[in-house]
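> Submitted below is the structure of interest, expressed as structure tokens.
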Amino acid sequence: MSSHDLDIARRRLAAAQRVTVLTGAGVSAESGVPTFRGAGGLWENHRPEDLATPQAFARDPALVWRWYQWRRGLIAQCRPNPAHVALAGLERNKPRCTLITQNVDGLHRQAGSRDPLEIHGDIWRLRCLGCGRVWLSRDLGLPERPACPQCGGLARPDVVWFGEALDSAFLEKAWQAARLADYMLVAGTSALVQPAAGLAAVAKEAGAFVVEVNLEPTPNSAWVDVSLFGKAGDILPRLLEAL
Ligand code: OAD
């Protein structure tokens with residue numbers, strides 16, 4: 001990463017009024033949460049793409065729940081890293097800042113972000129397939145087929161799976177934040193999954209200055225204004241320290 005690029009990204013940020021941030025698994029990687037597509041993404045030889053689907057859950061809910069229990073157990077031991085902390089600080093400095101995250105680990109909230117748009121849900125919530133009830137549980141010893149305390153129906157993790165629609169109200173807020181942004185920061189996402197891929201492009205078309213932070217080039221790298229390559233936990237505190 002050149003200090004020239006970092007400098008430009010910093011100066012534009014200092015002048016920005018409306019900042020929209022989109023984060024992905026890379027922002028939590030340094031906390032110890034495995035990313036989906038990188039090393040460590042496999043669990044017992046299953047790819048996340050084969051487990052995080054409604055079909056996989058219909059076929060074998062116990063298998064999918066064992067994977068989620070494994071992920072919940074890992075995440076329970078993870079703490080926010082300097083990237084999460086820096087982004088919570090950004091929110092305090094820029095009142096018109098929207099943080100959109102694809103992460104379901106809750107680490108942005110733990111770091112102090114007030115109201116992240118968790119567009120892929122929250123791994124600590126369960127949802128009943130029978131009555132639709134949603135509840136929070138940090139229990140790491142859930143049974144393989146957790147039951148709804150209200151109707152006894154089978155519960156699933158309240159996260160978005162492949163092939164499922166995102167909550168439309170959340171999605172509308174995310175598009176709106178991208179359209180209105182004058183600065184968009186995209187950090188730690190492979191930008192392969194919608195709407196992540198589209199949000200940054202919408203911001204760019206609407207005139208925003210777009211900065212990406214990633215270990216390596218992404219499909220967005222060809223057209224963003226600045227790419228900062230390196231670890232989010234290193235770059236984000238440096239990008240945001242001047243505020
Ligand atoms: P991915 O696992 O696809 O991508 C993680 C990205 O973070 C990659 O581009 C890495 O290069 C980058 N990365 C890894 N470590 C990093 C670090 N320390 N600093 C900066 N960048 C780093 O994760 P997402 O893009 O979040 O959806 O995946 C998007 C969605 O696809 C997920 O929310 C999930 C997944 O399937 C659902 O479950 C619906």
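> Under a crude label model (7 Å from the Cα following the beta-carbon direction), how far is residue 59 from residue 37 in nanometres?
2.2 nm
> Taking amide hydrogens as modeled 1.01 Å from N in the peptide plane, which residues meet the under 5 Å criterion relative to residue 30, leaving out close sequence neighbours?
The list, which skips near neighbours in sequence, is empty: none.
> With the other protein chains left in place, how much accessible area per residue, in square angstrom, belongs to the chain at a 1.4 angstrom probe?
Details: 11090 Å² over 243 residues.
With all protein chains present, the chain gives 46 Å² per residue.
> Here is a follow-up. Which value at 222 nm does the chain reach when only helices count, each DSSP H run of 4 or more adding -39,500 (n - 2.57), with the total divided by all residues and rounded to the nearest 500 deg cm²/dmol?
Details: 10 runs with 93 residues, N = 243.
Mean residue ellipticity, 222 nm, calculated: -11000 deg cm²/dmol.
> Let me ask you something else. Cut-off under 26 Å on the C-alpha distance; same-chain residues fewer than 8 positions from residue 173 excluded. Which lysines are left, in chain and number order?
Hits, sequence-local ones excluded: 94, 204.
> For segment 60-142, would you read off the P(r) tail past 16 Å as a percentage of all alpha carbon pairs? Don't skip to the end; give the middle numbers.
Values: 1999 of 3403 pairs.
Here the tail beyond 16 Å accounts for 59 percent of pairs.
> Still on this model: For the peptides 198-208, 130-140, what is the packing order when you average, over each peptide's residues, the other Cβ atoms within 10 Å and list the highest mean first? Display every interim value, and only then the final one.
Values: 198-208: 18.6, 130-140: 12.1.
Sorting 198-208, 130-140 by mean packing, highest first, produces 198-208, 130-140.
> While we're on this one: Order 215, 142, most accessible first, counting only protein heavy atoms with a 1.4 angstrom probe. Write out the running numbers ahead of the final one.
Details: 215 125, 142 30 Å².
Ranked from most to least accessible, the order is 215, 142.
> Among 137, 178, 168, which residue has its Cα positioned farthest towards the positive end of the charge dipole of segment 113-183, with +1 placed on the Cβ of Lys and Arg, -1 on the Cβ of Asp and Glu, and the dipole taken about the Cα centre?
About the Cα centre, the residue reaching furthest to the positive side is 137.
> Right, here's the next one. At 10 °C and a viscosity of 1.306 mPa s, what translational diffusion coefficient does Stokes-Einstein give for the chain, taking Rh as the Kirkwood radius over Cα pairs? Give it in µm²/s as a whole number. Before the final figure, lay out each step's value.
Working: Rh = 18.5 Å.
This corresponds to a translational diffusion coefficient of 86 µm²/s.
> For residue 110 and residue 5, compute 0.36 nm times the residue count separating them, minus their Cα-Cα distance, and round to one decimal in nm. Before the final figure, lay out each step's value.
Details: separation 105, 0.36 × 105 = 37.80 nm, distance 3.00 nm.
Length difference between fully extended and current span is 34.8 nm.
> Mind putting a number on the dipole of segment 121-225 about its Cα centre? Charges go on the C-beta only, +1 for Lys and Arg and -1 for Asp and Glu, and I need it in Debye to the nearest 20. Walk me through the intermediate numbers first.
Working: 9 positive and 12 negative charges, 92 e Å.
Result for segment 121-225 is approximately 440 debye, rounded to the nearest 20.
> What is the chain's relative contact order, in percent, from Cα pairs under 8 angstrom and six or more apart in sequence?
Numbers: 438 pairs, mean separation 62.8, N = 243.
Averaging sequence separation for qualifying contacts and normalising by length gives 26 percent for the chain.
> Something else now. Residue 77 to residue 15: FRET efficiency via 1/(1 + (r/R0)^6), r the Cβ-Cβ distance, R0 35 Å, to the nearest 0.05? It would help to have the intermediate numbers written out before the result.
On the way: r = 40 Å, r/R0 = 1.13.
Working from the Cβ atoms, E equals 0.30.
> Could you give the dipole magnitude of the chain about its Cα centre, charging the beta-carbon of Lys and Arg +1 and that of Asp and Glu -1, in debye to the nearest 20? Before the final figure, lay out each step's value.
Values: 27 positive and 25 negative charges, 106 e Å.
That gives a dipole near 500 debye.
> Once you have the Cα-Cα distance between residue 192 and residue 221, take 0.36 nm times their residue separation minus that, and quote the gain in nm to one decimal. Each step should come with its number before you reach the end.
Working: separation 29, 0.36 × 29 = 10.44 nm, distance 1.23 nm.
Answer, rounded to one decimal: 9.2 nm.
> If you count only protein heavy atoms and use a 1.4 Å probe, how large is the accessible surface of residue 240, to the nearest 10 Å²?
20 Å²
> Take the solvent-accessible surface of the protein heavy atoms, probe 1.4 Å, and return the percent of it on the chain that carbon and sulfur atoms account for.
Working: 5630 of 11090 Å².
Of all accessible area on the chain, carbon and sulfur atoms account for 51 percent.
> Can you tell me, using C-alpha contacts under 8 Å and at least 6 residues apart, the relative contact order of segment 101-156 as a whole percent?
Values: 74 pairs, mean separation 16.1, N = 56.
Reported as a whole number, the value is 29 percent.
> Here's another thing I want to ask about it. Just order 20-33, 145-158 by mean Cβ neighbour count inside 10 Å, highest at the front, would you? Write out the running numbers ahead of the final one.
On the way: 20-33: 24.5, 145-158: 16.1.
So the order, starting with the most tightly packed, is 20-33, 145-158.
> Next up: How do 243, 51 stack up against each other in accessible area, from largest to smallest, with a 1.4 angstrom probe? Present the calculation step by step, with values, prior to reporting the outcome.
Values: 243 65, 51 0 Å².
Sorted descending by solvent-accessible area, the residues read 243, 51.
> Quick one: net charge around residue 167, please, counting Lys, Arg +1 and Asp, Glu -1 for every other residue with C-beta under 11 Å from its C-beta.
Values: positive: 173; negative: 118, 158, 164, 172.
Once positives and negatives cancel, what remains is -3.
The values are calculated or read from the model by the stated rules, or taken from the named source; none is laboratory data. No experiment lies behind these values; they were computed from the predicted model shown. Cβ coordinates were reconstructed from backbone atoms using ideal geometry, including for glycine residues, and neighbour counts include every protein chain displayed. Protein only, heavy atoms only, side chains kept; ligands, DNA and RNA dropped before computing areas. Shrake-Rupley method; radii C 1.70, N 1.55, O 1.52, S 1.80 Å.
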